[in-house]
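What follows is one structure encoded as structure tokens, with my remarks underneath.
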Amino acid sequence: FGESIAVVDVSSAEVRDGPRIAEEVAEVVAALEQDKLKERLKQAHLVIVGRVVATRPHKTKSKRRQPITEHAPDWWEAVIAVESVEKGEAPGDRVTVLYPGSTDEFWLGSPKPEEGATGIWLLQRDQSERGWPAMRVPGWTALDPLDAHLSQELDQIRALLTGER
């Protein structure tokens, strides 16, 4: 299964209670999205609220030879001024988050922080979930689309975190 699915209609029937069914489907979809976010929060090592104060290319300290591929992450850093810590322990009042600057399809869904943006960040430490091991770098990362949220979602995030404990 990919990002989309095709459907071929082989039969049709009149649905008398269409609006109710549509509402039930919407509720189930919303519950599934909530479950995904709960799982992502559970996996996060650090959840912070903050503002991106700088972005810059990451200077890799690794002496390993990197594979040449169109799927290279092109690591960047976002420096986030921490306003609050919702889970875990921040290493200070600023956290440097690594993210792929690449627009390759492999990294397309990963958050790309912009200077001045405020939000909620779900961070992993020394990620091992995406990319080839030879291309990974140590540090805080936000690689999943669910790792970045608008500040207005803080009450929801806090409620889900409270339910996690």
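Starting from residues that are buried (at least 17 other Cβ atoms within 10 Å of the Cβ) and not in a loop (DSSP other than H, G, I, E, B), keep the ones in region 84-104 and report whichever is nearest to the chain's Cα centre (by Cα). Top of the filtered list is Y99. Scanning region 38-53 for residues that are of a type in the set (A, V, I, L, M, F, W, C) and exposed (fewer than 15 other Cβ atoms within 10 Å of the Cβ) yields one hit, V53. Restricting to region 87-124, and then to whatever is in contact with a His (Cβ under 7 Å, 6 or more places away or on another chain) and not charged (D, E, K, R), can you tell me which residue is modelled with the lowest pLDDT? Checking each candidate, the answer is F106. Can you find, within region 105-124, the residue that is most open to solvent (accessible area, probe 1.4 Å) among those that are in a loop (DSSP other than H, G, I, E, B) and either among the charged types (D, E, K, R) or farther than 12 Å from A78 by Cβ (or both)? By that ranking, first place goes to E105. Scanning region 47-59 for residues that are over 9 Å from E86 (Cβ atoms) and not basic (K, R) turns up G50, V52, V53, A54, T55, P57, H58.
Apart from one condition, E14 fits all of (1) open to solvent by 60 Å² or more (accessible area, probe 1.4 Å); (2) in contact with an Asp or Glu (Cβ under 6 Å, 6 or more places away or on another chain); (3) of a type outside the set (F, W, Y); the exception is (2).
Looking only at residues of region 69-80 that are at pLDDT 70 or above and either open to solvent by 20 Å² or more (accessible area, probe 1.4 Å) or assigned to a loop (DSSP other than H, G, I, E, B) (or both), we find that the one that is farthest from S151 (Cα to Cα) is A72.
For first residues located in region 7-25 and without any contact (Cβ under 8 Å) to a residue 40 or more places away in the chain, partners that are assigned to a loop (DSSP other than H, G, I, E, B) and surrounded by 10 or more Cβ atoms within 10 Å (Cβ to Cβ) and lie 6+ apart or on another chain with Cβ distances below 9 Å form the pairs I21/V15.
The values are calculated or read from the model by the stated rules, or taken from the named source; none is laboratory data. None of the values given here were measured: they were computed from a predicted structure. Positions of Cβ are generated from backbone atoms using ideal geometry, with glycine treated the same way; all protein chains shown enter the neighbour counts. Side chains included, ligands, DNA and RNA excluded: accessible areas come from the protein's heavy atoms. Shrake-Rupley method; radii C 1.70, N 1.55, O 1.52, S 1.80 Å.
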